[in-house]
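Take a look at the structure below.
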Amino acid sequence: MSNVEKMMSTEEKKAVETLLFQLADDDFLFSYRGSEWLGLAPHIEEDVASSSITQDSMGHAAMYYKLLEDLGLGNADDLAHLRPAVERKNSVLTERINGDGYYMDTPQYDWAYTVVRSYFYTQAKRAKINSLKESSYKPLQEIAVKVSMELYYHVMHWKLWFKQLLSSTEEAKTKMMSAIELVVADMGDLFSYGEQKEPIERFDLIDSEEKIQNAWLEALRPTFEKLELDLPIIPEPKLNGRNGQHTDELQAAIDTLSEVYRIDTATNW
Amino acid sequence: MVALIKNSQNLEVWKVLESVKDPEIDTVSIVDLGMVEKVEVEAEQIKVTLLPTFLGCPALEIIRTNTKNAVMGLSFAKNVEVEFIFSPPWTSDRVTENGKKGLKEFGIAAPPRHLEEDGSWHVDCPYCNSTYVTMENIFGPTACRSILYCKSCKTPFEAMKPVSTIM
Ligand SMILES: [Zn+2]
């Protein structure tokens, strides 16, 4: 690992770090939102399935944070829990709340929203992971191969939900359509690499933004055609999470999870 | 002579690793599951390299501790290091014949080797060997297992998910 590090220029190292933070923070927030569903999913089988996906995704985030630790950026757990919102590089889509109400209180989470977000997100992750299998950064390439195998089941799961809800009752369909609108509105930065776009692409760390976004659209196409829906049009980002621009929903999430983490770390003493 | 001793010590480590069971399935060891990638013995320094089945698996730390403790029990062990690596990735075809037997004993169908074109797969019921089974939930109680139902003996059972590099 340290050999790889030595061979990299400052510029390349910066690009690697930025991409790693984007991947790590995305999966971390995505699985945090997933974990809030624990015990609240539509039925027990789904509870088992989504907590399994959440656990896998948390494992993926941990791997990326570990690579950052190897690059000398600090302890992986601290990187995950203690960085403030302005330093976060996750896409806005992953930080959004599941719906109104606090987890411990009377949550009124929106399952349709979760299905759409999870399907679109995991399919986008699929496109990135496929490309990362060829990354010029070896440690990332190796992780991508492993993540890919687990992701296979995640995509399958969310695609099934997506299809089923959109081909059931009118009510379900209406809810799904408005969920799609909400999710797509936040997708502006999902395929963005932010300010580091140029070096990230130049060093062949991953395919270009455009290429990943196209791969994502092509992956959705058969499903959308079968359901007779138009493919989504990704808007320009209003906030770009890759550059540290976020909603208040992120800060609230970080407050909650860092508080739990601090208590946890304290009891370990 | 030194080489011979090293070699026999290496075998002893492998042997003791067979006593390290999956924390949830006590009929299979980490060797049976194909999780042990490498054993290195250098003087009193022993290093065991393991492959995690799934990245987020909560049992990994338990496995690490149990592995360490088991190897420390060897008379020549002074320093034991257990490392998890991701490359090569663990795949379900690493499960040995012995592992498959152990899984079946526990009521878990071994991971199938063959995947259909649409990604679906088939296993037989570990209890009555019937092929008349349905998938209940692809995500079982742990990341690496799925829940199925046998329509012949009317028993729910689990199967270890196939995991391969073509996915
Ligand atoms: Zn049966």
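The values are calculated or read from the model by the stated rules, or taken from the named source; none is laboratory data. Given the structure is predicted, the values throughout are model-derived calculations rather than measurements. Cβ: placed from backbone, ideal geometry, glycine included. Neighbour counts: every protein chain shown. The accessibility values were calculated without ligands, DNA or RNA, using every heavy atom of the protein model including side chains. Shrake-Rupley method; radii C 1.70, N 1.55, O 1.52, S 1.80 Å.
Against the criterion of solvent-accessible heavy-atom surface with a 1.4 angstrom probe, B:H114, A:H154 sort, most first, into B:H114, A:H154.
Springs between Cα atoms under 10 Å define the GNM used for chain B, and in it the highest mean-square fluctuation of B:R145, B:R113, B:R94 occurs at B:R113. Please report how far the C-alpha centroid of region A:118-146 lies from that of region B:58-97, rounded to the nearest whole angstrom. Each part reduced to its Cα centre gives a spacing of 27 Å.
Spacing of the modelled spin labels on A:L227 and A:L73, each 7 Å from Cα toward Cβ, amounts to 3.4 nm. Within the listed set A:D207, A:D27, A:D78, the residue fluctuating most in the Gaussian network model of chain A (springs between alpha-carbon atoms under 10 angstrom) is A:D78. Given a Förster distance of 22 Å, report the FRET efficiency between B:T165 and B:E97 from their Cβ-Cβ distance, rounded to the nearest 0.05. E between B:T165 and B:E97, to the nearest 0.05, is 0.55.
Ignoring ligands and nucleic acids, what accessible area does A:T18 show with a 1.4 Å probe (Å², nearest 10)? Rounded to the nearest 10, that gives 10 Å².
Counted over the protein assembly as shown, the DSSP beta bridges are approximately 70% antiparallel. Given axes a ≥ b ≥ c from the Cα gyration tensor, I'd like to know whether the protein assembly as shown is rounded (a/c under 1.5), prolate (a/b larger than b/c) or oblate. Oblate is the answer for the protein assembly as shown, as a/c is 1.5 or above yet b/c matches or exceeds a/b. Return one number: the angle in degrees, 0 to 90 and rounded to the nearest 10, between the long axis of the Cα atoms of helix A:44-70 and the longest principal axis of the Cα atoms of chain A. Taking the Cα atoms of chain A, the angle to A:44-70 is about 20 degrees. Of all beta bridges that DSSP places with both ends in region B:2-84, some 55 percent have antiparallel geometry. Of the GluC sites (Glu not before Pro) found in region B:63-167, those that fall in a DSSP loop while having at most 12 other beta-carbon atoms within 10 Å are B:E116, B:E117.
With R₀ set to 25 Å, the beta-carbon distance separating A:N243 from B:E37 gives a calculated FRET efficiency near 0.05.
Compared with the dominant Cα axis of chain A, that is its longest principal axis, helix A:10-35 is turned about 30°.
In chain A, helices alone account for a calculated mean residue ellipticity at 222 nm of -22500 deg cm²/dmol, with every DSSP H run of four or more residues adding -39,500 (n - 2.57). Under 13 Å from a label point set 7 Å out along the Cα-to-Cβ vector of A:E134, the amide N atoms of region A:190-209 belong to A:204-208.
Other protein chain C-beta atoms within 10 Å of residue C-beta, averaged over B:49-56: 5.
Restricting the GluC sites (Glu not before Pro) of region B:1-72 to loop positions (DSSP other than H, G, I, E, B) with no more than 12 neighbouring Cβ atoms within 10 Å leaves B:E44. Do any chymotrypsin sites (Phe, Trp or Tyr not before Pro) in region B:88-167 lie in a loop, going by DSSP, with at most 12 other beta-carbon atoms within 10 Å of their beta carbon, and if so which? Counting only loop positions with at most 12 other Cβ atoms within 10 Å, the chymotrypsin sites (Phe, Trp or Tyr not before Pro) in region B:88-167 are B:Y132. Put a dot 7 Å past the Cα of A:E195, heading toward its Cβ, do the same for A:Q251, and the two dots end up 2.0 nm apart.
Between 0 and 90 degrees, the angle of helix A:111-132 with respect to the longest Cα principal axis of chain A falls at about 40 degrees. A cut-off under 15 angstrom between Cβ atoms defines the neighbours of A:E87, and their net charge, with Lys, Arg +1 and Asp, Glu -1, is -2. Per residue, the accessible area of the protein assembly as shown comes to 47 Å² when a 1.4 Å probe rolls over the protein heavy atoms. Computed over chain B with a Gaussian network model linking Cα atoms closer than 10 Å, the most mobile of B:D118, B:D93, B:D32 is B:D118.
A simple charge model with +1 on the Cβ of Lys and Arg, -1 on the Cβ of Asp and Glu and nothing else charged puts the dipole of region A:5-160 at about 540 debye relative to its Cα centre. Taking label points 7 Å from Cα along the Cα-to-Cβ direction, B:S8 and A:L182 give a separation of 6.9 nm. In chain A, if the dipole is taken from +1 on Lys/Arg beta carbons and -1 on Asp/Glu beta carbons about the Cα centre, which of A:P84, A:W216, A:S52 is farthest to the positive end? Result: A:W216, furthest along the dipole toward the positive end.
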